[in-house]
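Remarks on the structure that follows.
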Amino acid sequence: MGRRLAGERRKFVSLAMCMVFLLVAGQWQIGRSADDNPLAAVKASVQEILRILKDPELGVPARKEERQKQVVAVVDNAFDFREMAQHTMAGHWEKQTPAEQDRFVELFSQLVKNRYIDKIDNYTGQEVVFTKERVQGDKALIYSTLVDKGTDIPIIYRLFKKGDTWLVFDLKIENVSLVANYREDFFSIIKKDGYNALVKRMEEKLQSPDKVN
Amino acid sequence: MNMILYRRRGMRYSTACLLGLVFFVLFVGVSGATEVGSVVDAATAATLSAPSPADADALASEDERWLAGKEGDFGRPVTVPGEGDGIADPLEPLNRVFFQFNDKLYFWLLKPVTTVYSHALPDDVRLCIRNFFDNLSAPVRIVNTLLQGKVRGSGIELARFVINSTVGCAGFGDPAGVEFGLQPVDEDLGQTLGVYGIGNGIYLYWPIVGASSLRDTVGLVGDSFLEPMSYMMSQNTGDSLVVYGGRRVNALSFRLGDYEVFKETAMDPYSAMRDIYYQYRQGRIRDLAGTAPDNGEMALDDDGDSARRQMAASPAAPVR
């Protein structure tokens, strides 16, 4: 009898533990849902871009520009170009006036978009697989793989939380960080000819890319 | 960045000999001038044997350290480029001359030839040709995976070589990858030396070959002994040069136009390319790219396709 009671009690305790665990897990799940989840944020943007690229009506050459515009709109929502610029210019950013900073962000974001936008015209059904999410406070890393005909391109997104939204501010493609690379690139010019020369060069390249260099 | 791998695979005997000679002169000349001590970076110098999983973990946690806020941003301290972490470039003026040379080589020769070539041959045919060349350099990968203690990777490469050389019609097909899911494990001697704790040394930008480092150039020369093509080179140099050129053009045909975009969107393409080379090779050595720290040795990308893959999404992969 006593032994049976002990068994019951044990059963009860384990049931209670289970419930507590479920409750905690549920809380945790709720706490991370929706906008609070960096993976969901990146996923939504990537899926939206893939949807645009897969749309057969947008795929015709005549609507190429329209398609690019739609993709850029998604990117503008998901990326924080100001944060990106700030990290790229670390050390030089603080020395600029707010107006100069605004101008820089404008030029820089255009440059980054130009670097990638033509790639979407080569889209032939590649898929994106998300492999891992790491979150710590207001920072997050999303590991993903671009699957291209059985071969994989690893892409890591770095995100910061701004208010309630997670925004991407760096991409690491095959371990090459966009921000770190542009920092090296920009600092090389700044070191030699100064900040103003860099801005001038950016303006020139964006206007007539073929003529410079 | 992966065009370096291409070049590596494409390395031929006479080029190798030439590089070997130049390297020797450089090494003797430079080792006195630069502190070779700084060349071996502390992180990788930790072990002189193939790293244990724990070491790999320590190396792979660059991103984790950023998350934890312990690192300056992006895993590197914010310093003036050229100082601290990064790759030393004492030969910059000379390298820049070669950079200009390769730039002209691309626009005047490689690009027009490749444009005609890619119109003449459909994608599938060019893919087969690439498979064929990649299969020939399997010995390089088999040996280097072994040297790095990656027994499983070595087995995969050996199996790939056997399957693709036979069922895959002398390497033109890739049934090992397509049917058996055996993805290439791309390791070269430069990476092996890196795993063993040898730093980049200095940045070297070679005419024709392109971005490299002292360590990776030594690797290229070493790997060339495992390339069947280098033996062909010693028999008939003329033919081998044609074959080398063909391989380069074939590889380039998959990423034509990317170099132009890279150049247009980089303010100082030379510095940008140097940094891409540095970051990419660091990732390859530590098997970092896309690998979450706890995944150890997974997701090694392949050799042959890496160029196209990098280009498909990459920040810049300069070509050539």
Report summary line: The residue that is farthest from A:E48 (Cα to Cα), considering only those in the range A:91-124 that are within 12 Å of chain B (Cβ to nearest Cβ) and of a type in the set (G, A, S), is A:G91
Report task. Could you please tell me which pairs satisfy a Cβ distance under 7 Å, a separation of 6+ or placement on different chains, a first residue in the range A:88-107 that is open to solvent by 30 Å² or more (accessible area, probe 1.4 Å), and a second residue that is of a type in the set (G, A, S) and not in a loop (DSSP other than H, G, I, E, B)? Result -> none
Query raised in the report: Would you say A:F160 is in a strand (DSSP E or B), more than 7 Å from chain B (Cβ to nearest Cβ) and either open to solvent by 20 Å² or more (accessible area, probe 1.4 Å) or not aliphatic (A, V, I, L, M) (or both)?
Result: yes
Requested in this report: Could you tell me whether the range B:288-296 includes any residue that is open to solvent by less than 10 Å² (accessible area, probe 1.4 Å), away from chain A (no Cβ under 14 Å) and either more than 22 Å from B:G194 (Cβ to Cβ) or at pLDDT below 90 (or both)?
Outcome: no
Report task. Output the residues belonging to the range A:163-203 that are open to solvent by less than 20 Å² (accessible area, probe 1.4 Å) and basic (K, R). Result -> A:K172, A:R183
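Starting from residues that are over 16 Å from A:A40 (Cβ atoms) and more than 8 Å from chain B (Cβ to nearest Cβ), keep the ones in the range A:125-136 and report whichever is nearest to the chain's Cα centre (by Cα). Please lay out each step first, then the result.
The first filter runs over the range A:125-136 and keeps only residues over 16 Å from A:A40 (Cβ atoms), leaving A:125-127, A:136.
Those left that are additionally more than 8 Å from chain B (Cβ to nearest Cβ): A:125, A:127.
Working: A:G125: 21, A:E127: 16 Å.
Filtering the range A:125-136 for residues that are over 16 Å from A:A40 (Cβ atoms) and more than 8 Å from chain B (Cβ to nearest Cβ), the one nearest to the chain's Cα centre (by Cα) comes out as A:E127.
Would you mind listing the helices (runs of 4 or more DSSP H) fully within the range A:1-99 where at least 1 residues are modelled with pLDDT of 85 or more?
Numbers: elements: A:2-32, A:38-54, A:64-78, A:81-88.
The helices (runs of 4 or more DSSP H) meeting that bar are A:38-54, A:64-78, A:81-88.
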Report summary line: Quick count over the range B:149-187, residues being part of a helix (DSSP H, G or I), β-branched (V, I, T) and open to solvent by less than 40 Å² (accessible area, probe 1.4 Å), is 2
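With respect to B:Q282, determine if the residue is closer than 21 Å to A:A180 by Cα and open to solvent by 10 Å² or more (accessible area, probe 1.4 Å).
Numbers: closer than 21 Å to A:A180 by Cα: yes; open to solvent by 10 Å² or more (accessible area, probe 1.4 Å): yes.
So B:Q282 fits the description; yes.
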Query raised in the report: What are the residues in the range A:183-201 that are facing chain B (nearest Cβ under 7 Å) and among the hydrophobic types (A, V, I, L, M, F, W, C), if any?
Result: A:F186, A:F187, A:I189, A:L198
Query raised in the report: Any idea which residue in the range B:207-256 is surrounded by the fewest Cβ atoms within 10 Å (Cβ to Cβ), counting only those that are small (G, A, S) and under 15 Å from the mean Cα position of the chain (by Cα)?
Result: B:G222
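The values are calculated or read from the model by the stated rules, or taken from the named source; none is laboratory data. Given the structure is predicted, the values throughout are model-derived calculations rather than measurements. Every residue, glycine among them, receives a Cβ derived from its backbone with ideal geometry; neighbour counts consider all protein chains shown. Each accessible area value is taken on the protein alone, full model and side chains, heavy atoms only, with ligands, DNA and RNA left out. Shrake-Rupley method; radii C 1.70, N 1.55, O 1.52, S 1.80 Å.
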